[in-house]
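The values are calculated or read from the model by the stated rules, or taken from the named source; none is laboratory data. Predicted, not measured: the structure shown is a model, and the values here were computed from it. Methodologically, a virtual Cβ is constructed for each residue, glycine included, from the backbone with ideal geometry; neighbour enumeration extends over all protein chains shown.
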Amino acid sequence: MQTERIIKVVVTGAAGQIAYSLIPMIANGSVFGARRIHLAMVDLASVPPPRRLMCDNCHEELPPHQQPPARSTPQQMMEGVRMEIVDSDYPRVAKVSIHGNDDAGMSVALSGADYVLLLGAVPRRAGQLRKELIYANSKAFEVIGRQLQEFAPTHARILTVGNPANTNAWILTRACTKIPIRNFSCLSRLDHNRIIGQIMLKTGCSNEDVEGVMVFGNHSDCQYPSVAHATINGVPIQEVIKDDAWYEELTPLIQSRGKEVINKRGLSSAASAAKAIADHVRDWHFGTSGRIISMGLPSLGEYGVPRGLVWSYPVMIDETGVHVVQGFEMTEACVTQFEINQVQLETELAEAEHPDWTNEIAAD
Ligand code: LMR
């Protein structure tokens with residue numbers, strides 16, 4: 001007989017690819033261990049009807065057999081996922097519910113939520129500009145911020161995954177002021193994991209052997225991944241990997257990895273993003289036991305970052321909360337990288353607020 005309170009986890013973008021990889025991890029205990037969960041899946045409440053193909057000559061609608069096959073709606077796709085969860089008889093799943101992203105759906109989904117995982121966003125396509133995403137997503141995140149303010153409990157922990165993740169999280173903190181600022185985060189664990197993956201590839205070590213990897217700044221192509229303080233089995237990385245070219249190539253490799261995955265797959269990373277979300281939320285819930293992980297957080301001024309900017313930091317998490325690990329030396333290179341990230345983030349915030357900035361896209 002279970003007596004512990006059920007954890008309510010809201011996942012937006014639940015009909016999407018990342019969710020399809022993430023939901024089994026949440027359901028099988030990889031995130032919340034033995035705790036039972038209520039999974040509240042959210043996606044678009046309604047979608048515009050598909051465009052009908054017209055005859056080039058007569059300009060009338062083509063007959064049904066010449067139209068493209070109808071695609072499932074997000075609500076139908078979530079129904080399918082719910083069926084699969086039932087069919088998998090996961091022992092940790094106490095309840096699965098499905099909601100639209102309008103106020104009617106979100107008021108129910110967010111009620112009593114412990115974790116709100118915001119996967120839903122317009123995804124970046126190959127060749128698309130980052131600021132096009134800002135345009136598409138900033139307004140949507142203003143709505144979510146208001147919904148959090150109106151419907152979520154103050155203890156809810158909110159993770160923003162949809163890009164531009166740092167700026168989207170910043171928009172939430174402005175729209176939802178009743179939830180403590182450090183209950184908001186954005187995903188930089190994917191970048192953190194990517195660094196560890198490269199170290200594993202280079203040395204053949206296990207991920208558990210690697211400590212002290214850090215990601216600073218924006219989840220973008222100017223993020224600052226650092227292995228300056230990394231160790232492998234307790235030995236400084238510089239004593240294990242003595243290959244200058246590897247260090248030189250690492251930063252651009254991590255910075256452009258998301259774009260490279262999109263170029264190959266034609267779609268944003270999904271399986272690795274889901275693994276990173278599971279790692280992020282598990283560590284937020286259970287703590288990091290003294291290990292350093294990377295997490296995007298609203299700055300409280302640590303390392304000179306302006307307060308409120310959502311910035312990836314090295315953190316440790318314990319039962320008292322999330323703590324930015326301070327005291328690492330700010331080398332000249334580090335200061336330069338911080339400045340680049342700060343300028344990029346402040347530009348994004350301005351673009352997110354700029355009412356006429358669509359004109360700039362046209363001129364781009
Ligand atoms: C990633 O890092 O893989 C994604 O954030 C890339 C993207 O723009 O979707």
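Of the residues MET25, MET54, MET41, only one is over 22 Å from ALA140 (Cβ atoms), under 23 Å from the mean Cα position of the chain (by Cα) and of a type outside the set (Val, Ile, Thr); which?
MET25 is the lone residue from the list that is over 22 Å from ALA140 (Cβ atoms), under 23 Å from the mean Cα position of the chain (by Cα) and of a type outside the set (Val, Ile, Thr).
Filter region 143-168 down to residues that are in a helix (DSSP H, G or I), of a type outside the set (S, T, N, Q) and over 16 Å from GLY308 (Cβ atoms), then give me how many there are.
Of the residues in region 143-168, 6 are in a helix (DSSP H, G or I), of a type outside the set (S, T, N, Q) and over 16 Å from GLY308 (Cβ atoms).
If I filter region 291-345 down to residues being of a type in the set (Phe, Trp, Tyr) and modelled with pLDDT of 95 or more, which single residue comes out as farthest from ALA165 (Cα to Cα)?
Among those that are of a type in the set (Phe, Trp, Tyr) and modelled with pLDDT of 95 or more, it is TYR303.
Working only within region 283-305, note down all residues that are among the hydrophobic types (A, V, I, L, M, F, W, C) and outside any strand (DSSP E or B).
The answer is TRP284, PHE286, ILE292, LEU300, VAL305.
Could you grab me the full set of residues in region 201-252 that are among the charged types (D, E, K, R) and in contact with a helix residue (DSSP H, G or I) (Cβ under 7 Å, 6 or more places away or on another chain)?
Across region 201-252, the qualifying residues are LYS202, ASP221.
Taking region 221-253 as the region of interest, how many residues are surrounded by fewer than 21 Cβ atoms within 10 Å (Cβ to Cβ) and under 20 Å from VAL343 (Cα atoms)?
Here the count works out to 4.
Can you tell me which condition LEU133 does not meet? The list is (1) within 13 Å of the ligand (Cβ to nearest atom); (2) without any contact (Cβ under 8 Å) to a residue 12 or more places away in the chain, and all the others hold.
(2)
Read through the list (1) surrounded by fewer than 20 Cβ atoms within 10 Å (Cβ to Cβ); (2) away from the ligand (no atom under 16 Å from the Cβ); (3) within 30 Å of ALA350 (Cβ to Cβ), then give the number of the only condition that ALA140 fails.
Failing condition for ALA140: (2).
Between a residue in region 206-233 that is at positive phi and any residue that is of a type in the set (Lys, Arg), which pairs come within a Cβ distance under 9 Å, given they are 6 or more apart or on different chains?
Once the first residue is at positive phi and sits in region 206-233, its partners that are of a type in the set (Lys, Arg) give GLY212/ARG291.
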